[in-house]
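S.K.: Before we start, here is the structure in question, set down as structure tokens.
The values are calculated or read from the model by the stated rules, or taken from the named source; none is laboratory data. Every value quoted in this text rests on a predicted model; they were computed, and no experiment measured them. Here the Cβ positions follow ideal geometry from the backbone for every residue, glycine too, while neighbour counts run over all protein chains shown. Surface areas here come from the heavy atoms of the whole protein model, side chains and all, with no ligands, DNA or RNA. Shrake-Rupley method; radii C 1.70, N 1.55, O 1.52, S 1.80 Å.
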Amino acid sequence: MKDGMGKVSKRNGIGTWAALALTALALAGCGGVENDYNYGGVTFTGKAKPVKGDRTSFVSTAGPASASLDGAIGGANYEGIKYCIDYLGTSDIEWQVGPDTPRQQLDLSDNRVTFRGRCVE
């Protein structure tokens, strides 16, 4: 930045960078929990973990299913997609148990829905 004399003012440049850095830190804190999925005004927490010995296969969960089964299904689906993108760079999934599984066949325990899938490269 230039001051009124046409010279570069280091003080203003440092202040600008400091303000930008503080703004970035403040915004980073506003994002909430990374694994949250919102549906119908309810927040569903989830996670996905690889199956031991096969990084392309995973198990994803989300809940509370009692608040909304559709929301829990969406959360587990989101976690599976995020897992595949993070680890293999693809969102293509071959589901063993997933969002298209009939509701009566879903794995529901501990108020969470559980999906099983494999990332397709």
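S.K.: Can you pull out the strands (runs of 3 or more DSSP E) entirely within the range 69-121 that have at least 1 residues that are of a type in the set (F, W, Y) and crowded, with 18+ Cβ neighbours inside 10 Å?
M.R.: Fully inside the range 69-121 and qualifying: 112-119.
S.K.: Of a type outside the set (D, E), over 22 Å from V97 (Cα atoms), open to solvent by less than 50 Å² (accessible area, probe 1.4 Å) and modelled with pLDDT of 50 or more, is that true of G6?
M.R.: Against the criterion (of a type outside the set (D, E), over 22 Å from V97 (Cα atoms), open to solvent by less than 50 Å² (accessible area, probe 1.4 Å) and modelled with pLDDT of 50 or more), G6 qualifies.
S.K.: Okay, next question. List the pairs whose first member sits in the range 93-107 and is farther than 15 Å from E79 by Cβ, whose second member is in a loop (DSSP other than H, G, I, E, B) and open to solvent by 40 Å² or more (accessible area, probe 1.4 Å), and whose Cβ atoms are under 9 Å apart, counting only residues at least 6 apart or on separate chains?
M.R.: E94/V120
S.K.: Oh, and also: Taking the stated definitions as given, is S57 in contact with a Lys or Arg (Cβ under 6 Å, 6 or more places away or on another chain) and either outside any helix (DSSP H, G or I) or more than 11 Å from G117 (Cα to Cα) (or both)?
M.R.: So S57 passes the test.
S.K.: Given the condition under 14 Å from the mean Cα position of the chain (by Cα) and more than 20 Å from Q105 (Cβ to Cβ), answer yes or no: does some residue in the range 49-70 qualify?
M.R.: yes
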